[in-house]
1. Give segment 5-55 a look and list any residue that's among the polar types (S, T, N, Q) and either modelled with pLDDT of 90 or more or more than 18 Å from Ala67 (Cα to Cα) (or both), or say none.
2. Only one of these is free of Cβ contacts under 8 Å to residues at least 40 places away in the same chain, within 23 Å of Thr18 (Cα to Cα) and loosely packed, with under 12 Cβ neighbours inside 10 Å: Pro45, Pro32. Name it.
3. Anything in segment 237-260 that is out of contact with any Ser or Thr (no Cβ under 9 Å at 6 or more places or on another chain) and under 30 Å from Glu99 (Cα atoms)? List them, or say none.
4. Listed residues Thr80, Thr19, Thr75, Thr28; which is over 18 Å from the mean Cα position of the chain (by Cα) and over 16 Å from Leu294 (Cα atoms)?
5. Pull out all pairs, ordered by first then second residue, where Cβ-Cβ is under 6 Å, the residues are six or more apart or on different chains, the first lies in segment 80-91 and is assigned by TED's automatic domain parsing to the domain that holds Arg10, and the second is among the hydroxyl-bearing types (Ser, Thr, Tyr) and surrounded by 14 or more Cβ atoms within 10 Å (Cβ to Cβ).
6. Cβ-Cβ below 6 Å, separation at least six or inter-chain, first residue in segment 180-195 and aromatic (Phe, Trp, Tyr), second part of a strand (DSSP E or B) and at pLDDT 90 or above: which pairs?
7. Condition first: part of a loop (DSSP other than H, G, I, E, B) and either surrounded by 21 or more Cβ atoms within 10 Å (Cβ to Cβ) or touching a Gly at 6+ places or on another chain (Cβ under 9 Å) (or both). Now tell me which residues in segment 110-124 satisfy that.
8. Which of the residues that make up segment 278-296 are modelled with pLDDT under 95 and buried (at least 18 other Cβ atoms within 10 Å of the Cβ)?
Amino acid sequence: MSDSVSVKLRPSRALCGTTPDEFGDLLTRLAPLVEAARDKRLDRPDRQRARGAGAQPTAFRIRLLVALTHLRLGTSLRETASIFDIDEKSVRNWRNELESLLVQHGVVVADRAEPVRTLADLAEWLKDRPDDDYLIIDGTNIARPRPGGGWPAQRAAWSTKSRNHAVKGTLVCDSAGNPVWFEANPSGEGRTHDIAMLRSGTLIGVLALSAIAILGDQGYQGLDEEVAGDVYVPTRRRPGKKLNRDESLYNHGLAQARIRVEHGIRRVKRWGAMRQHRRHPDTLDRLGQATVVLDSLTR
């Protein structure tokens, strides 16, 4: 794709999910990482060509625009390629490049100079949170095409909650509803219970050692036995009985605080790639974390 073609498609919320200013900020933040990766590739010991020899890569601003558009619209590789009149392989390569760069950059969070890039960074950030602070967690379903492999594969991917084939993930938000971490279901299945999904991943280790309070829905009943901090989940109404006034007020207050995680899920899913996952379930972890980083850089 030539630069003259790219001028016709400028960054916008409708096209690539960013304003021109946000697009420029992303360029500024990610360009050093791109240059570092390029220098490492050009200086590798087994390279036989002279530095700078060979075809020159497409300008990063164009690669970024194409990749963001693909993630924002949630279109297929072919559809995205037709928008820019380029090859499908270019869209795939530039999308993978952007996801890796975003994960490498990390999530910008409050009261921390450096972004959160790893679970160790997340644990360090949680350790420094005020005593009255808390996290909100929730599981989310992301639609996927019907898998092949016969009935067993389809049954594992079927979500009775959303009534479609899905992949699942856990989203962690701060008390303001800002997404700070995403972890895909390690099994890749769509029918996994929220707390079972959390237990089978690596995020539970950070939450277990952190003393921060956690807010969740009824899908996290029993989590208080596995983490150091307090866990607040709705009081369940027993069959044949009604909640008393205190229990109803508690559930109402918890719902008002917990609704922010639903807002966080909505913000992550404004990226179309997170509403319809067209790839293998193993790629959801990187995609989900990349969109959390994008949200932190464009909010």
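The values are calculated or read from the model by the stated rules, or taken from the named source; none is laboratory data. In this text, all values refer to a predicted model and were calculated from it rather than measured experimentally. When we count neighbours, we look across all protein chains shown, and the Cβ atoms used for this are built from the backbone with ideal geometry, even at glycine.
1. Ser12, Thr18, Thr19, Thr28, Gln48
2. Going through Pro45, Pro32 in turn, the sole match is Pro32.
3. Answer for segment 237-260, where residues must be out of contact with any Ser or Thr (no Cβ under 9 Å at 6 or more places or on another chain) and under 30 Å from Glu99 (Cα atoms): Arg258, Ile259.
4. Thr80
5. Val91/Thr80
6. Hits for this filter: Trp181/Val172; Phe182/Gly169; Phe182/Leu171.
7. Residues satisfying the conditions are Glu114, Pro115, Arg117, Thr118.
8. Scanning segment 278-296 gives a single hit, Pro281.
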